[in-house]
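One structure below.
The values are calculated or read from the model by the stated rules, or taken from the named source; none is laboratory data. This one's a predicted model, so the numbers in the text were calculated from it and none came from an experiment. Positions of Cβ are backbone-derived with ideal geometry, glycine not excepted, and every protein chain shown enters the neighbour counts. Note: areas computed on protein heavy atoms with side chains; ligands, DNA, RNA excluded. Shrake-Rupley method; radii C 1.70, N 1.55, O 1.52, S 1.80 Å.
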Amino acid sequence: MATNKTFYLETFGCQMNAHDSEKVIGTLRQEGYRQVETEEDAGLILYNTCSIRDKAEQKVFNRLNDYKKLHKQGKRFGVLGCVAQQEGEKIFERAPYVSLVSGSASYRKLPEMLTRLEAGESRITGLDDRQTDETFETEFTARQNPYRGYITIIEGCDKFCSYCVVPYTRGKERSRSSSSVLDEARRIADLGYTEIQLLGQNVNSYRDPEGKSSFAELLAVVGEVPGIRRVRFTTSHPRDFTRDIVEAIDRVPTLCDHVHLPIQSGSARVLKRMAREYTPEWYLERIAWIKAARRPISLSTDIIVGFPGETEDDFIQTMDLLAEVEYDCVFAFKYSARPNTPSLVMIDTVPEEEKGKRLQVLLERQREIQRANYSKQIVEILEVMIEGANAQRGQIAGRSTQNKPVNINWTQPIAPAPGSYLRVRITGAYPNSLIGEMF
Ligand code: 5AD
Ligand code: SF4
């Protein structure tokens, strides 16, 4: 058997994928596998893939191409995650040296799939369709971040936005029971974690199968777990964003001052074609709730430019919305046509060059908005959780409760440990980060 029980795993895509990888690593270790740092050192080479945009999808095929020569040395390849679920057995045709193809809804079966792999099988698939009720809960999660613990509370997506692959790659929406979420939160607090990030494709669409807690109630109880100092959640869908979430943030000190609320477009016409099921006015009402909170809640969003049929006027409406909301962070993407999605049949009217231009105009404008937002924080005193150090610049790096990166000038011999908290006076600002010193 060629796998010699070592594996290499590279992860692409979102935090859900990063967290799935933590569970996959834990499961493999439980099966007697040891993780190694390079493809060359591994018997089994795994890629946990993303298919949200074409560029993301291409990455795995480039990687497979770069390393396929290792197959001759008896190494085995596995493709996991969203590209695996989307492309299925077609991956074996495109990359015949791949032996294992599994989507995230089948990871529970990994031990069994590994046994078959070890027995020499070369066409192993785990491709549950979207009917699955399973969530991937495991006691073996090998958390890679020593201070921020991810907890998945809901998997899959039932929203079917017209551009999006997620409902096809991750299946229908299914929530974990609030008691199992709370047990995990307590467990990782006992291990010394002080920050919890609750994850879901639409985290606020959470529906407790035990009927005990709404999403806002779950946020609050997780925030009250002894030892937990920060709770974040991502990603929220505007459609399910209720006022009690803002009230919970106001009431429970550990809930972070940050909401990520993807708008996608500022044009009602485009939102309708995207099947987002809200209008800009409806979205802005939620933003007004957040801005009216007692705490200064930072806002971030996702935007797609160049959706099929997006006119110059539609784009201007998106720009106007940015100016109105004044986000602290924007993730903007050029529209990418994806397999299976309803928008695939819409004529992609916006030329690639125009998409690029709109993206650039938007990012430049947003940079100025952030420059103004961030500079307003000079002289404020913030609590910063330390994440690492930049020895060359003599700085340590961390994040504020609003999720803003803060770099702290550091002259003392011993830097504070990652995961510790410091009070910091802000002395400078850039469009994407703050500068500070120990207070
Ligand atoms: N093309 C471009 N961007 C997309 N996103 C999702 N699907 C696509 C697509 N087909 C973006 C959305 C989403 C983020 C995670 O990725 O903005 O919120
Ligand atoms: Fe990419 Fe979406 Fe899959 Fe996350 S869920 S890895 S963003 S396709």
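Distance between the C-alpha centres of the stretch 394-439 and the stretch 1-38: 32 Å, rounded to the whole angstrom.
Over the chain, what is the mean sequence separation of C-alpha contacts under 8 Å (at least six apart), divided by residue count, expressed as relative contact order in percent? That works out to 10 percent. Which Cys in the chain stand alone, with every other cysteine's Cβ at 4.7 Å or more from theirs? That list is 14, 50, 82, 157, 256, 329. Taking Cβ atoms as reference points and 13 Å as the exclusive limit, the residues near residue 302 contribute a net charge of +3, counting Lys and Arg as +1 and Asp and Glu as -1. At the listed q of 0.11, 0.16 Å⁻¹, the Debye profile of the stretch 19-166, built from one uniform point per Cα, gives log10 I(q)/I(0) equal to -0.42, -0.92. Radius of gyration (Cα atoms) of the chain, expressed as a multiple of 2.2 N^0.38 Å: 1.01. Between 47, 421, 206, the residue with the greatest mean-square fluctuation in the GNM of the chain (Cα pairs under 10 Å linked by springs) is 421. Taking the average, over residues, of other Cβ atoms within 10 Å as the packing measure, peptides 176-183, 361-368 rank 176-183, 361-368 from highest down. Sorting 97, 168 by accessible area puts them as 168, 97; the probe is 1.4 Å, largest comes first, and only protein heavy atoms count.
Expressed in Å, the radius of gyration and Dmax of the Cα atoms of the stretch 293-376 are 14.7, 45.
With a Förster radius of 45 Å applied to the beta-carbon distance between residue 357 and residue 242, the computed FRET efficiency rounds to 0.75. Under 5 Å between amide hydrogens, built in the peptide plane, is the criterion, and for residue 237 it picks out 203, 204, 205 among residues at least 5 positions away or on other chains.
Kindly identify the stretch 82-167 as rounded, prolate or oblate by the Cα gyration tensor criterion: order the square roots of the eigenvalues as a ≥ b ≥ c, call it rounded if a/c is under 1.5, otherwise compare a/b with b/c, prolate if a/b is larger, else oblate. Verdict is oblate for the stretch 82-167.
Model label sites at residue 116 and residue 348, defined 7 Å from Cα along the beta-carbon direction, differ in position by 3.4 nm.
Ordering 16, 161, 417 by Cα displacement along the dipole of the chain toward the positive end leaves 417 in first place; charges were set at the Cβ atoms of Lys, Arg (+1) and Asp, Glu (-1). Only Lys, Arg, Asp and Glu carry charge here, each on its Cβ (+1 for the first two, -1 for the last two); on that basis the stretch 253-337 has a dipole of about 320 debye about its Cα centre. The mean accessible area for residues of the stretch 381-438, using a 1.4 Å probe and ignoring ligands and nucleic acids, is 50 Å² per residue. A cut-off of 5 Å between modelled amide H atoms, ignoring neighbours fewer than 5 places along the same chain, links residue 406 with 398, 399, 400, 434. Adding -39500 (n - 2.57) for every DSSP H run of four residues or longer, then dividing by how many residues the chain holds, sets the calculated 222 nm ellipticity at -10000 deg cm²/dmol.
Rounded to a whole number, what % of the accessible area of the stretch 85-191 do carbon and sulfur atoms account for, probe 1.4 Å?
Carbon and sulfur atoms account for 44 percent of the accessible area of the stretch 85-191.
The convex hull built on the alpha-carbon positions of the stretch 165-208 has an orientation-averaged projected area of 3.7 nm². Backbone phi angles across the stretch 159-168, fed through the Karplus curve with coefficients 6.51, -1.76 and 1.60 (θ = phi - 60°), yield HN-Hα couplings of 7, 6, 4, 5, 9, 10, 7, 4, x, 8 Hz in residue order; Gly and Pro are listed as x. Accessible surface for the stretch 5-159, divided over its residues, is 41 Å² per residue with a 1.4 Å probe. The Cα center of the stretch 129-167 and the Cα center of the stretch 240-264 differ in position by 20 Å.
Accessible area ranking (1.4 Å probe, heavy atoms, ligands and nucleic acids excluded), largest first, for 63, 294, 239, 170: 294, 239, 63, 170. The length gained on full extension between residue 6 and residue 269, counted as 0.36 nm times the residue separation minus their Cα-Cα distance, comes to 89.5 nm. For residue 197, the amide hydrogen comes within under 5 Å of the amide hydrogens of 149, 150, 151, 232, counting only partners 5 or more places away or on other chains and with H modelled in the peptide plane. A Förster radius of 60 Å, combined with the Cβ-Cβ distance separating residue 364 from residue 90, puts the computed FRET efficiency at roughly 0.90.
May I ask you to give the percent of accessible area on the stretch 265-391 that is carbon plus sulfur, with a probe radius of 1.4 Å?
Of all accessible area on the stretch 265-391, carbon and sulfur atoms account for 56 percent.
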